[in-house]
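Heads up, the thing below is written out as structure tokens.
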Ligand code: PHE
């Protein structure tokens, strides 16, 4: 039997997991949700959930992987055969996310090309983004490009090369985001946006905000879909699990925070106080940032570098999504990487088409005002992921028992600082919170009540 390869150091694990975690979720999804759901209120709820709930779930998943040395499907059933279904359920999530993720990855490529060819001023115009995504062929072309690139990397198995590049890019991304954020905050009229983003306002509190923050947490940290279980299975016992998880969280949340600071104040500055643009949704980053770059000296260069970095961040996340699906197909169908890779590519292309067309040709297909892409996003983040997370909590809290995880975390040097919190969260708090979230999200979707 082949020995399972492992990360050579804790840093190796942290960087690989961060490569999966940091992506469009941080830069594209977080800011538009924060803008939509009350700024500071959303930010505060997100932070509280990240250090309690997100931390607990990530510890559980990584420990599960390291303990069993297996990826999701195997890991759950290795500890209890009856829970094999949970591994399967978790594996469905990336199948839904990957196609629409690549549609947005395509938008990033399009904007990169727009800045390279010097059409920045056009992109800064109102209506440019909507005009682009409502076309038929063009967005599909960019979507195919992004999907194809991801597939090439996964099929050739050259992730390591990409990971090396992204290790280099990540710190640059942090610095550049910080720089753009500082610039954006100094534009006339942006201060009001800074206040909106940083100051929690109790009136904005709603169950929907908690729901959105929770969905974003799963998404951003690549939780509830087996990815962190797989990464955990590559982690060595000498590496401190708790410290690594903390680092990934800080990194992931830090980038999301900066992305918000880069986009939300700018929305205020360019809308002349018209708050309706805050609810732009998925288009927010693409609508607002070109305006910031257009306003900035040397904006074109900054824009090129920025979209290039976002492209790499998106690519590493997309690779981890596709790799998960491909390895499941290889394991269950017993086929070669090439066959599995090509099938996943074809399937994801088909599944991504409706999301890409949902703003134009298929624009009349909506559900509760959500476009097809939004529906995919909703099904995975607000329905499937909470279900997977509920069962994970039950599995760990009541079947294999928290002690198993605690022991695994303590393998390295006998310490687990947040042990008390972990025990309480996984058994008594997280499952109930998740059930509440799931019920309310389904009820909202069914139109039973609106929160
Ligand atoms: N976490 C990634 C992001 O923030 C998205 C992702 C989700 C990647 C699930 C892998 C798995 O963009």
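Computed quantities for the displayed model
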| item | result |
| --- | --- |
| Selected residue [at pLDDT 90 or above, crowded, with 24+ Cβ neighbours inside 10 Å and part of a loop (DSSP other than H, G, I, E, B)] from 217, 223 | 223 |
| Answer from 315, 321 - the residue that is at pLDDT 90 or above, within 16 Å of the ligand (Cβ to nearest atom), over 27 Å from residue 184 (Cβ atoms) and within 16 Å of the chain's Cα centre (by Cα) | 321 |
| Breaking point among (1) modelled with pLDDT of 90 or more; (2) farther than 28 Å from residue 111 by Cα; (3) away from the ligand (no atom under 12 Å from the Cβ); (4) within 20 Å of the chain's Cα centre (by Cα), for residue 232 | (1) |
| Single residue of 215, 260, 281, 226 found to be in contact (Cβ under 8 Å) with a residue 24 or more places away in the chain, at positive phi, within 16 Å of the ligand (Cβ to nearest atom) and under 22 Å from the mean Cα position of the chain (by Cα) | 226 |
| Tally, over the stretch 28-66, of residues that are farther than 23 Å from residue 231 by Cα and in contact (Cβ under 8 Å) with a residue 60 or more places away in the chain | 20 |
| From the options 131, 148, 105, 118, residue that is out of contact with any helix residue (DSSP H, G or I) (no Cβ under 9 Å at 6 or more places or on another chain) and either over 21 Å from residue 281 (Cβ atoms) or assigned to a helix (DSSP H, G or I) (or both) | 131 |
| Subset of the stretch 421-451 (residues that are part of a loop (DSSP other than H, G, I, E, B), touching a residue at least 24 places away in the same chain (Cβ under 8 Å) and in contact with a helix residue (DSSP H, G or I) (Cβ under 8 Å, 6 or more places away or on another chain)) | 451 |
| Tally of residues being over 21 Å from residue 424 (Cα atoms) and away from the ligand (no atom under 15 Å from the Cβ) across the stretch 42-66 | 4 |
| Members of the stretch 401-420 found to be in contact (Cβ under 8 Å) with a residue 60 or more places away in the chain and closer than 26 Å to residue 83 by Cβ, listed by number | 404, 405, 408, 409, 411, 416, 418 |
| Residues of the stretch 323-362 that turn out to be assigned to a loop (DSSP other than H, G, I, E, B), in contact with a helix residue (DSSP H, G or I) (Cβ under 8 Å, 6 or more places away or on another chain) and surrounded by fewer than 16 Cβ atoms within 10 Å (Cβ to Cβ), as a count | 2 |
| Test: residue in the stretch 363-378 that is over 27 Å from residue 30 (Cβ atoms) and more than 24 Å from the chain's Cα centre (by Cα) | yes |
| Matching residues in the stretch 9-41 - criterion: being closer than 25 Å to residue 426 by Cβ and away from the ligand (no atom under 16 Å from the Cβ) | 10 |
| Test result for residue 194, part of a helix (DSSP H, G or I) and over 15 Å from residue 26 (Cβ atoms) | yes |
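For every residue, the table says whether it meets (1) more than 16 Å from the ligand (Cβ to nearest atom); (2) closer than 21 Å to residue 381 by Cβ.
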{"site": "68", "(1), (2)": "yes, no"}
{"site": "82", "(1), (2)": "yes, no"}
{"site": "88", "(1), (2)": "yes, yes"}
{"site": "94", "(1), (2)": "no, yes"}
{"site": "104", "(1), (2)": "no, yes"}
{"site": "119", "(1), (2)": "yes, no"}
{"site": "122", "(1), (2)": "yes, no"}
{"site": "142", "(1), (2)": "yes, no"}
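The values are calculated or read from the model by the stated rules, or taken from the named source; none is laboratory data. Not measured: the values here are computed from a predicted model. Please note: Cβ atoms are built from the backbone with ideal geometry, for glycine as well, and neighbour counts cover all protein chains shown.
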